[in-house]
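Asks: Structure incoming, see below.
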Amino acid sequence: MSKINRRDFIRVTAGAGLVGGTLGFPGLLMAASPKVVVIGGGVGGCTAAKYLRKLDPKIEVTLIETKKAYTSCFMSNEVLSGDRTLESLTFDYEGLKRHGVNIVIDRVTAIDLAMKSVATESGESFNYDACVVSPGVDFKWDAIEGYDAEVAETIPHAWFAGPQTMTLRKQIESMPEGGKVIIVAPPNPYKCPPGPYERAAQIAMYCKHHKPRAKILILDPKDRFSKQGLFRQGWSKLYGFGTDDSMIEWVGAAGGGTVEELDPSTRTLQAEVEEFQADVINIIPPQKAGKVAFASDLVEGDWCPVDKLTFESTRHPNVFVLGDASSAAKMPKSAYAANSQAKVAAAAIVARFNGQDPGEPTFVNTCYSILGEAHGISVAAVYSLDREANTIMPIKGSGGLSPMDASEEQRKREVSYAHSWFKNVIDDMMG
Amino acid sequence: MSRERHIIILALLALLPITALAESPTAAALSYTCAGCHGTDGSSVGPSSPSIAGMDPEIFIDAMQDYKVDKRNATIMNRIAKAYSDEQIKGMAWYFAKQKLELLPQSTDTQLVELGTTLHDKYCEKCHEEGGRSGDTGTLAGQWMPYLDYAMEDFIAGRRDYPRKMKRKVDAAIKAEGEQAMPALIHYYGSQHNSAQKEASHE
Ligand SMILES: Cc1cc2nc3c(=O)[nH]c(=O)nc-3n(C[C@H](O)[C@H](O)[C@H](O)COP(=O)(O)OP(=O)(O)OC[C@H]3O[C@@H](n4cnc5c(N)ncnc54)[C@H](O)[C@@H]3O)c2cc1C
């Protein structure tokens with residue numbers, strides 16, 4: 001198209017409809033600069049903030065985040081193998097500031113839905129025309145007796161990248177040769193479905209070089225897990241899985257893998273059938289939406305229901321819930337998913353501010369897992385929305401897993417593409 | 001292909017209706033989903049997924065169509081390409097064609113770059129004009145080097161359609177310089193981000 005680009009074109013043509021604009025923001029159509037408050041500076045929140053500004057620089061975007069810098073969970077399993085430092089996963093918010101996003105470091109206590117304002121711990125409040133909520137997950141601490149937030153300081157979950165990732169790394173480094181690590185996997189749904197199994201491989205990657213007689217046992221309350229066939233194949237190729245001498249062992253629900261109780265003093269786990277003792281224990285607890293979602297009445301069950309056309313809460317208008325906290329079946333809780341959902345929500349918010357209908361949404365997810373220095377696998381999906389079922393459906397005939405028995409060269413390329421994904425998704429959300 | 005013919009084809013493509021079925025997401029919305037791997041608006045920050053900003057739309061369409069039918073070796077793109085209709089692919093092709101290519105410097109070996117310069121001039125420049133800048137033979141200048149490496153491995157191993165003329169030239173370059181030829185060319189293109197950048201911003 002010539003001088004006038006497609007977006008201007010839409011705006012101009014839509015202008016005719018503005019007079020009668022009735023789509024839930026009646027006053028807004030006149031507001032010179034509508035306000036969006038974003039809660040949570042993780043994948044969903046940052047991406048939404050950046051794309052809102054990209055799509056319409058008139059929008060005033062304020063992002064509220066508790067921490068000064070974001071430490072990504074994705075790639076944090078590589079800290080456990082020693083392939084990466086925590087610093088290499090930590091990024092500040094300067095990039096978003098350059099896009100004109102106001103960054104506020106504070107904790108949101110709750111949304112005042114009637115007043116359309118967001119309250120923070122330090123007593124400030126921020127008015128919004130639209131509010132984006134992407135606080136990630138919180139843990140259900142009552143699931144395993146004897147395990148709570150305090151015990152997690154010494155028996156880490158390391159499911160938020162940060163100090164606990166380092167604690168786990170140090171414990172593995174200092175366990176005796178021939179030591180035993182237990183990973184307690186969570187029940188579905190949780191963030192990063194392949195994460196616990198990639199973690200086992202990353203720990204094995206370290207042990208193979210430094211503690212070749214070590215054992216890593218995964219206790220799992222599930223009978224199946226993400227990319228299972230590819231994990232088993234990769235584990236057996238790299239770590240002897242399936243042999244008597246395997247470094248990695250997996251016990252699923254049917255085998256008594258459900259853990260009921262922890263005795264932290266002896267590092268003993270009571271599972272359904274037997275007890276397990278280990279030198280290092282990593283418990284990944286069951287999960288639910290972040291606290292602020294509960295405090296703001298956005299949750300049904302454990303997660304926040306949304307209209308998947310826009311990611312607007314089905315409980316309260318003008319509030320859009322993204323990422324791990326949302327109930328976004330059939331997308332997994334992943335960074336790629338949160339990034340993709342954020343763009344759909346940003347476009348829907350901009351459309352509404354302009355009195356337009358939201359466009360047809362499109363979503364992609366890609367999750368890489370790195371099992372060894374030169375062994376990567378992936379799952380990919382492109383989705384469209386089934387509006388009637390309010391379900392995000394993978395497009396038939398597309399997507400799926402890396403092929404079984406791929407060549408070594410292909411597996412190696414997937415590692416390098418995994419690292420590319422990491423750099424690009426970080427840059428896309430906050431660069 | 002001659003410049004003129006190329007431009008005519010592009011102009012013709014532009015006349016084709018981009019508006020797909022009413023239920024299709026917009027080309028921009030579809031293209032946004034690629035950013036996780038190919039960077040915001042198609043400028044990848046590396047280390048290996050290629051930049052697709054400023055890409056010739058025909059090259060984009062050919063690549064996606066080849067991925068769709070498993071004609072071109074891929075790790076993941078064959079699984080992804082199958083999700084899109086021809087119209088959607090065309091829409092994305094034009095979206096990315098209009099984006100400015102932002103390239104980052106890569107570390108290269110001076111000696112290899114020097115050899116690569118000679119090889120490029122002798123064997124490649126005729127088709128990959130102006131040091132391999134974006135055009136109807138793809139984007140080589142400033143492209144991520146691991147990606148170029150994979151691409152050449154795939155051509156040579158027969159995992160990707162290998163134009164006969166290109167094969168002759170590559171064979172000749174390898175015959176002349178042996179194992180050094182490919183790394184030299186890749187280092188040469190990898191070193192070209194500045195010239196490519198300057199030109200891109202003039203467009
Ligand atoms: C070990 C591990 C490996 C992973 N690997 C991958 C991978 O390879 N690929 C992939 O796609 N995904 C991966 N993931 C998943 C990915 O990290 C999440 O799905 C993604 O971060 C979700 O984004 P989000 O915006 O929902 O939440 P987050 O990115 O967790 O961001 C939430 C943010 O909100 C802030 N916040 C919370 N409450 C408040 C409040 N009240 N006020 C202010 N701020 C608040 C938090 O501090 C945080 O910064 C992995 C996860 C783990 C644990």
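Asks: Report in % the part of the accessible area of the protein assembly as shown that belongs to carbon and sulfur, leaving out ligands and nucleic acids; probe 1.4 Å. Write out the running numbers ahead of the final one.
Replies: On the way: 14470 of 27170 Å².
For the protein assembly as shown, the apolar C and S fraction of the accessible surface comes to 53 percent.
Asks: Can you work out ³J(HN,Hα) from phi for every residue in the stretch A:267-276, in order, using Karplus 6.51 cos²θ - 1.76 cosθ + 1.60 and θ = phi - 60°, giving whole Hz and x for Gly and Pro?
Replies: Running phi through 6.51 cos²θ - 1.76 cosθ + 1.60 with θ = phi - 60° gives 6, 10, 10, 9, 9, 4, 9, 10, 9, 10 Hz.
Asks: For a quick check of your reading of the filter: which GluC sites (Glu not before Pro) in the stretch A:109-190 sit in a DSSP loop and have no more than 11 other Cβ atoms within 10 Å?
Replies: Filter output for the stretch A:109-190: A:E121, A:E150, A:E177.
Asks: I'm a student and want to see the number: the projected area of the Cα convex hull of the protein assembly as shown, averaged over all directions, in nm².
Replies: 29.4 nm²
Asks: Anyone know which of A:Q228, A:Q341, A:Q171 comes out most mobile in the 10 Å Cα GNM of chain A?
Replies: A:Q228
Asks: Given the convex hull over the Cα atoms of the stretch B:9-149, what projected area results after averaging over all orientations, in nm²?
Replies: The orientation-averaged projected area of the Cα hull of the stretch B:9-149 comes to 9.1 nm².
Asks: Work out, step by step, the length gained on full extension between A:E275 and A:D223: first 0.36 nm times the residue separation, then minus their alpha carbon distance; give nm to one decimal. Mind showing how you got there, number by number?
Replies: Working: separation 52, 0.36 × 52 = 18.72 nm, distance 1.91 nm.
Gain on extension, A:E275 to A:D223, equals 16.8 nm.
Asks: Let me ask something else about it. To the nearest 20 debye, what is the magnitude of the charge dipole of the protein assembly as shown about its Cα centre, counting +1 on the Cβ of each Lys and Arg and -1 on the Cβ of each Asp and Glu? Could the numbers behind the result be given before it?
Replies: On the way: 68 positive and 79 negative charges, 341 e Å.
So the dipole magnitude of the protein assembly as shown works out to roughly 1640 debye.
Asks: Okay, next question. If Lys and Arg each add +1 and Asp and Glu each add -1, what is the summed charge of the other residues whose beta carbon sits under 10 Å from the beta carbon of A:A335?
Replies: That works out to +1.
Asks: State, in square angstrom and to the nearest 100, the accessible area buried between chains B and A, both chains counted, probe radius 1.4 Å.
Replies: In total, this chain pair buries about 3200 Å².
Asks: By DSSP, what percent of the beta bridges with both residues in chain A are antiparallel, rounded to the nearest 5?
Replies: 55 percent
Asks: Now a separate question. Give me the accessible area per residue for the protein assembly as shown, probe 1.4 Å, as a whole number in Å².
Replies: 43 Å²
Asks: What is chain A's relative contact order, in percent, from Cα pairs under 8 angstrom and six or more apart in sequence?
Replies: Details: 916 pairs, mean separation 78.3, N = 431.
Taking the mean separation of contacting Cα pairs over the length of chain A, I get 18 percent.
Asks: Ok, one more. Report the residue, chosen from A:W141, A:W159, A:W235, that carries the largest GNM mean-square fluctuation when chain A is represented by alpha-carbon nodes joined by springs under 10 Å.
Replies: A:W141
Asks: Given points 7 Å out from each Cα along the Cα-Cβ axis, report the A:K208 to A:M115 separation in nanometres with one decimal.
Replies: So the label points at A:K208 and A:M115 sit 5.7 nm apart.
Asks: Count charges around A:I248 for me, please; just the other residues with Cβ under 15 Å from its Cβ, Lys/Arg as +1, Asp/Glu as -1. Write out the running numbers ahead of the final one.
Replies: Numbers: positive: A:K180, A:R199, A:K208, A:K211, A:R213, A:K215, A:K227, A:R232, A:K237; negative: A:E198, A:D220, A:D244, A:D245, A:E249.
Surrounding charge for A:I248 is +4.
Asks: How large are Rg and Dmax for the stretch B:110-202 when only the alpha carbon atoms are used, in Å?
Replies: 12.4, 38
Asks: What list of ³J(HN,Hα) values in whole Hz, one per residue of the stretch A:125-142 in order, does the Karplus curve 6.51 cos²θ - 1.76 cosθ + 1.60 (θ = phi - 60°) give from phi, with Gly and Pro shown as x?
Replies: Whole-Hz 3J(HN,Hα) from phi for the stretch A:125-142: 9, 10, 7, 9, 8, 9, 10, 9, 10, 9, x, x, 9, 10, 9, 9, 6, 7.
Asks: Could I ask something else about it? Cα convex hull of the stretch B:25-97: mean projected area in nm², to one decimal?
Replies: It is 4.3 nm².
Asks: Cross-link list A:K68/A:K308; A:K288/A:K308; A:K215/A:K330: which exceed 26 angstrom alpha carbon to alpha carbon?
Replies: Result: A:K68/A:K308; A:K215/A:K330 exceed 26 Å.
Asks: How big is the dipole moment of the stretch B:99-153 about its Cα centre under a simple scheme where the beta carbon of each Lys and Arg is +1, that of each Asp and Glu is -1, and everything else is neutral? Debye, nearest 20, please.
Replies: 100 debye
Asks: The stretch A:357-431: which GluC sites (Glu not before Pro) are DSSP loop and have at most 10 other beta-carbon atoms within 10 angstrom? Show your work: numbers first, answer last.
Replies: Details: sites: A:E373, A:E388, A:E408, A:E409, A:E414; in loops: A:E373, A:E388.
Sparse-neighbourhood loop GluC sites (Glu not before Pro): A:E388.
Asks: Quick one: among A:V79, A:V104, A:V184, which has the greatest mean-square fluctuation in a GNM of chain A with alpha-carbon springs under 10 angstrom?
Replies: Looking only at A:V79, A:V104, A:V184, the largest GNM fluctuation is found for A:V104.
Asks: Let me ask something additional. Express in Å², to the nearest 10, the accessible area of A:Y239 obtained by rolling a 1.4 Å probe over the protein heavy atoms while all chains stay in place.
Replies: A:Y239 has an accessible surface of roughly 20 Å² with all protein chains in place.
Asks: Test of the criteria: in the stretch A:268-362, which GluC sites (Glu not before Pro) are in a DSSP loop and have at most 16 other Cβ atoms within 10 angstrom of their Cβ?
Replies: A:E272, A:E274
Asks: Please turn the phi angles of the stretch A:97-103 into ³J(HN,Hα) values with the Karplus equation 6.51 cos²θ - 1.76 cosθ + 1.60 (θ = phi - 60°), one per residue in order, whole Hz, x for glycine and proline.
Replies: Computed from phi, the couplings for the stretch A:97-103 are 4, 5, 7, x, 8, 7, 9 Hz.
Asks: Per residue and in cubic angstrom, what volume does the convex hull of the Cα atoms of the stretch A:127-193 have?
Replies: Normalising the Cα hull of the stretch A:127-193 by residue number yields 146 Å³.
Asks: How much length is gained if the chain between A:M404 and A:D297 is pulled fully straight, taking 0.36 nm per residue apart and subtracting their Cα-Cα distance, in nm to one decimal?
Replies: Difference between extended and current length: 34.1 nm.
Asks: Skipping prolines and chain starts, which residues have an amide H placed within reach, meaning under 5 Å, of the one on A:G82, given they are 5 or more residues away or on another chain?
Replies: none
Asks: Using a basic spin-label model with each label point 7 Å from the Cα along Cα→Cβ, how many nm lie between A:E94 and B:V69?
Replies: About 5.0 nm separates the two model spin labels.
The values are calculated or read from the model by the stated rules, or taken from the named source; none is laboratory data. Owing to the predicted nature of the structure, the values given are computational and were not obtained by experimental measurement. Backbone-built Cβ (ideal geometry, glycine too); neighbour counts: all protein chains shown. Side chains are part of the model used for accessible areas, which takes the heavy atoms of the whole protein and leaves out ligands, DNA and RNA. Shrake-Rupley method; radii C 1.70, N 1.55, O 1.52, S 1.80 Å.
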